[in-house]
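Reviewing the structure listed below.
Read-outs: derived from the displayed coordinates by stated rules, not from any lab. Because the structure is a prediction, the values reported are computed rather than measured. Reconstructed Cβ throughout: ideal geometry from the backbone, glycine too, with neighbour counts over all protein chains shown.
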Amino acid sequence: MKMIWDEDKRDKVIRERNIDFAKLLDIFNDSFAVDFQDLEHSTSDETRYKIIGMIAYYGLITLVYTISDNQDRFITAWKSDEWETNEYEQNRKWQQNRNVCRSSIERLKACQRRPSQTSEKPDFERLQKPREHYA
């Protein structure tokens, strides 16, 4: 997908918020990003979205964008507020826990499929003998 923006708007965001749209391209690569429809600012002609994500250059950023003709058009961006940071952290923890659970379940399934290392039954009589028998 191609990323585009209005150069005048980009200059305004750089001046007012010290954030350059050109340095936000990796926001969509953040697997913990929170992406949602911005119902408050969407219109019948244009659906707007917000994404809260970690950027290598700026840290945690909120980006407002719209999608049209297979292009993401950046509208504005800012350093994430407290509630946005909390949403991001909550999503990150949930994703990490989900991945831990998924990997734990996968390990458990793999152990259940793994054939036992020996087909012999344990020698319980040997285990019950006093220690001196092993000398």
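Values for this structure:
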item: Zone residues, the range 46-65, relative to Met3, backbone N less than 16 Å from point 7 Å out along Cα-to-Cβ; result: 49-65
item: Area projected by the alpha carbon convex hull of the range 44-102, averaged over all directions, nm²; result: 5.8
item: Charge sum, other residues only, whose C-beta stays under 13 Å from Ile19's C-beta, Lys/Arg counted +1 and Asp/Glu -1; result: +4
